[in-house]
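Undergrad: This is the structure I want to talk about, given as structure tokens.
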Amino acid sequence: MEFKNIKFEVSENICTITMNRPKALNALNRSTLEELDQALDLIEKDNRVSLLVLTGEGKSFVAGADIVEMMDKTPGEAASFSKFGADVFRRIEKLEMPVIVAVNGFALGGGCELAMCCDIRIASDNAKFGQPETGLGITPGFSGTQRLSRLVGIGRAKELIFSSRIIDASEAEKTGLVNRVVSKEELMDTVYQLAKEILSKAQIAVRYSKEAINRGYETDMNTAMGIEKNLFSLCFAT
């Protein structure tokens, strides 16, 4: 399959998807989200792929949703756009395999939301994060209000969303929004080194661990412990 707005590569059991609209700072329009959705179809059918890496072309990861495309939407059209973007991001979050994002620059609005649906976030030291939507008269629309509060806490999420404040990579690391910050030159080497470290482990156990964490996080402790017990026991059948 040929893509216009993303790059899709598979090597050594790692699929790398690069957001590829550098002139638009990789802003997410409907077409880009559709290509990302199609790429997920390919990943789920490809037995070679055990881990997904996301990054951006040029000086931006994703600078947000495409404002030009959104300007004239009706409320109904906006609801459809929001649902589609949120559904694509939820697919990424629920992939059985680990997903690492290499944030190489701006991760604003939809870009921050895309980063947050990944399992592990590694940022370059020039990266910027934020949900600036209230400055445009809208709310985050791709589940940003939900994931940001779960990652950094409800009070800090409210502060960042209400104020539209942009934070640097260092502050993002302190708040728990990103796992690690490295130099721009080291970013991709660091990400692939971590990817290979994860791939050196038992992949069924890695996938079950991801499932246990994700499902458990969305429920109460007793139910979560039952989920862990069941997945732990399934490992013994392999």
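The values are calculated or read from the model by the stated rules, or taken from the named source; none is laboratory data. Since the model is a prediction, treat every value here as computed from it, not as a measurement. Quick reminder, even Gly has a Cβ in these numbers, built from the backbone with ideal geometry, and neighbours come from all protein chains shown.
Undergrad: Of all residues in the range 174-197, how many are surrounded by fewer than 18 Cβ atoms within 10 Å (Cβ to Cβ) and closer than 14 Å to Met116 by Cβ?
TA: Here the count works out to 3.
Undergrad: List every residue pair whose Cβ atoms sit under 8 Å apart, with the two residues 6 or more apart in sequence or on different chains, where the first one lies in the range 218-238 and is under 19 Å from Lys94 (Cα atoms) and the second, anywhere, is not in a helix (DSSP H, G or I).
TA: Ile227/Thr219
Undergrad: Restricting the range 125-140 to residues that are among the small types (Gly, Ala, Ser) and exposed (fewer than 14 other Cβ atoms within 10 Å of the Cβ), which is nearest to Ala63 (Cα to Cα)?
TA: Filtering first and then ranking leaves Gly135.
Undergrad: From the list Asp125, Asp119, Asp189, pick out the single residue that is touching a Pro at 6+ places or on another chain (Cβ under 7 Å), charged (D, E, K, R) and closer than 30 Å to Val10 by Cα. If you could, list the steps in order and put the result at the bottom.
TA: Working: Asp125 fails: touching a Pro at 6+ places or on another chain (Cβ under 7 Å); Asp189 fails: touching a Pro at 6+ places or on another chain (Cβ under 7 Å).
Checking each option against the conditions leaves just Asp119.
Undergrad: hydroxyl-bearing (Ser, Thr, Tyr), over 18 Å from the mean Cα position of the chain (by Cα) and surrounded by fewer than 17 Cβ atoms within 10 Å (Cβ to Cβ), is that true of Ser149?
TA: no
Undergrad: While we're on this one: Residues Glu159, Glu173, Glu228, Glu185: which one is part of a helix (DSSP H, G or I), of a type in the set (Asp, Glu) and not assigned by TED's automatic domain parsing to the domain that holds Val99?
TA: The unique qualifying residue is Glu228.
Undergrad: Out of all the residues in the range 214-237, which are out of contact with any helix residue (DSSP H, G or I) (no Cβ under 9 Å at 6 or more places or on another chain) and within 28 Å of Asn47 (Cβ to Cβ)?
TA: Scanning the range 214-237 gives Ser233, Phe236, Ala237.
Undergrad: Kindly evaluate Leu194 against the criterion of being within 29 Å of Asp168 (Cβ to Cβ) and hydrophobic (A, V, I, L, M, F, W, C).
TA: Yes, satisfied.
Undergrad: Evaluate the following for Gly64: is it under 15 Å from Gly141 (Cβ atoms) and without any contact (Cβ under 8 Å) to a residue 24 or more places away in the chain?
TA: Numbers: under 15 Å from Gly141 (Cβ atoms): yes; without any contact (Cβ under 8 Å) to a residue 24 or more places away in the chain: no.
Against the criterion (under 15 Å from Gly141 (Cβ atoms) and without any contact (Cβ under 8 Å) to a residue 24 or more places away in the chain), Gly64 does not qualify.
Undergrad: For the range 38-63, name all the residues that are surrounded by fewer than 16 Cβ atoms within 10 Å (Cβ to Cβ) and charged (D, E, K, R).
TA: Asp41, Glu44, Lys45, Asp46, Arg48, Lys59
Undergrad: Please verify whether Lys59 is assigned by TED's automatic domain parsing to the domain that holds Asp119 and farther than 23 Å from Thr190 by Cβ, treating the condition exactly as stated. Show your work before the answer.
TA: Values: assigned by TED's automatic domain parsing to the domain that holds Asp119: yes; farther than 23 Å from Thr190 by Cβ: no.
Against the criterion (assigned by TED's automatic domain parsing to the domain that holds Asp119 and farther than 23 Å from Thr190 by Cβ), Lys59 does not qualify.
Undergrad: Another question about this same structure. Of these, Ser164, Ser143, which one is surrounded by 17 or more Cβ atoms within 10 Å (Cβ to Cβ) and on the phi > 0 side of the Ramachandran plot?
TA: Details: Ser164 fails: surrounded by 17 or more Cβ atoms within 10 Å (Cβ to Cβ).
Residue meeting the stated conditions: Ser143.
Undergrad: Also, I was wondering about something else. Within the range 7-33, can you find the residues that are without any contact (Cβ under 8 Å) to a residue 40 or more places away in the chain, in contact with a helix residue (DSSP H, G or I) (Cβ under 8 Å, 6 or more places away or on another chain) and either outside any strand (DSSP E or B) or surrounded by 21 or more Cβ atoms within 10 Å (Cβ to Cβ) (or both)? It would help to see each step written out before you state the result.
TA: Taking the range 7-33 first, the residues without any contact (Cβ under 8 Å) to a residue 40 or more places away in the chain are 8-11, 15-18, 20-23, 31-32.
Now narrow it down to the ones that are in contact with a helix residue (DSSP H, G or I) (Cβ under 8 Å, 6 or more places away or on another chain): 8, 15, 17, 21.
Listed by number, the residues that qualify are Cys15, Ile17, Arg21.
Undergrad: Considering only residues that are within 26 Å of Val49 (Cα to Cα) and assigned to a loop (DSSP other than H, G, I, E, B), which ones fall in the range 197-225?
TA: Of everything in the range 197-225, those that are within 26 Å of Val49 (Cα to Cα) and assigned to a loop (DSSP other than H, G, I, E, B) turn out to be Ser200, Lys201, Ala202.
Undergrad: Now, a different point. For Val101, only one of the following conditions fails: (1) out of contact with any Lys or Arg (no Cβ under 6 Å at 6 or more places or on another chain); (2) closer than 17 Å to Leu52 by Cβ. What is its number?
TA: (1)
Undergrad: Among the residues of the range 135-156, what is the count of those that are outside any helix (DSSP H, G or I) and either closer than 25 Å to Pro75 by Cβ or of a type in the set (Lys, Arg) (or both)?
TA: Total meeting the criteria: 7.
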